[in-house]
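Below: the structure, in structure tokens.
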Amino acid sequence: MEQALTAVLEQCLDDLEAGVLERGSAYRWPALATAGPAARVVVLRELRRAPLRLSVYTDVRTAKVEQLRTDPRAELLFFDRDSLRQLRVAGRVTVHHGDDVARQAWGDRSHLQEDYARLFPPGSPSDADGAGALSGDGFDNFAVLRLDAESLDWLQLSREGHRRARFHAAEAGWDGSWVVP
Ligand SMILES: Cc1cc2nc3c(=O)[nH]c(=O)nc-3n(C[C@H](O)[C@H](O)[C@H](O)COP(=O)(O)O)c2cc1C
């Protein structure tokens, strides 16, 4: 891969890492799109750089989990307003519920455990404050969604000329190419 494309790819991975580590990062709050069509904002929780895998946490009773169990294809969409960059990470999601992956993530305490302890499933009718009754510690409802990335689509808007690159996961890393924005 040419040097400029390698630099773009490294920048993408650094940006995603910042999303996991920094609350103020634009990469912390992607939209997760699933076959519905359906999209919603989530928090980026974990990253493994190579092979690229991104994780988010959710309630196993949400619509997205049912959608992903029917069709595991998904995309995480990131938009950085300051740099006018869009990054789309597409791949397949594995739902981890009640297993070691979920247990380990549950223990990391970066999330509010009470969010998962609602008696009634997310989306159920509720009173105006939205709180609802609690039941158990929430682990039974907690799930980790791991997206194994198959492609990246990077777009940089700029007055000097927009640039767009695509990367596909290959045996030995990534294949990248420039495409028309
Ligand atoms: C800033 C923000 C962060 C959110 N983070 C998450 C998250 O990490 N996981 C999650 O399941 N829902 C998160 N949500 C709620 C989702 O956007 C969505 O409303 C909920 O998960 C139900 O989606 P579904 O019915 O399509 O599955 C977040 C919402 C906002 C506004």
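With the radius of gyration and the Kirkwood radius both derived from the Cα set of the chain, what is their ratio Rg to Rh? It would help to have the intermediate numbers written out before the result.
On the way: Rg = 17.7 Å, Rh = 17.5 Å.
My calculation puts Rg/Rh at 1.01.
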Subject >> Within the stretch 37-66, trypsin sites (Lys or Arg not before Pro) in DSSP loop having at most 15 other beta-carbon neighbours inside 10 Å >> reply: 49
**OP:** Express the relative contact order of the stretch 4-63 as a whole percentage, based on alpha carbon pairs under 8 Å and six or more residues apart in sequence.
**Re:** 21
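Roughly speaking, what is the stretch gain from residue 69 to residue 7, that is 0.36 nm per residue apart minus the C-alpha to C-alpha distance, in nm to one decimal? Before the final figure, lay out each step's value.
Numbers: separation 62, 0.36 × 62 = 22.32 nm, distance 3.52 nm.
Computed gain between residue 69 and residue 7 is 18.8 nm.
Can you give the longest stretch of the chain with no exposed loop site, where a site means GluC sites (Glu not before Pro) in a DSSP loop (not H, G, I, E or B) with at most 10 other C-beta atoms within 10 Å?
Within the chain, the longest run free of exposed GluC sites (Glu not before Pro) spans 3-159.
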Original post:
Using the beta-carbon distance between residue 135 and residue 160 and R0 = 41 Å, what value does 1/(1 + (r/R0)^6) give for FRET efficiency, to the nearest 0.05?
Top reply: 0.15
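Work out the length of the dipole vector of the chain about its Cα centre, built from +1 on the beta-carbon of each Lys and Arg and -1 on the beta-carbon of each Asp and Glu, and round it to the nearest 20 debye. Could you put the intermediate results ahead of the total?
Values: 23 positive and 28 negative charges, 72 e Å.
With only Lys, Arg, Asp and Glu charged at Cβ, the dipole is about 340 debye.
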Original post:
In the calculated pair distance distribution of the stretch 112-170, what percentage of Cα-Cα distances lie above 15 Å?
Top reply: 68
Subject >> Of the trypsin sites (Lys or Arg not before Pro) in the stretch 148-181, those whose Cβ has at most 12 other Cβ within 10 Å and which sit in DSSP loop >> reply: 159
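Computed from the coordinates by the stated procedures, all read-outs in this text should not be read as laboratory data. Please read these numbers as outputs of a predicted model, since none were measured by experiment. Positions of Cβ are backbone-derived with ideal geometry, glycine not excepted, and every protein chain shown enters the neighbour counts.
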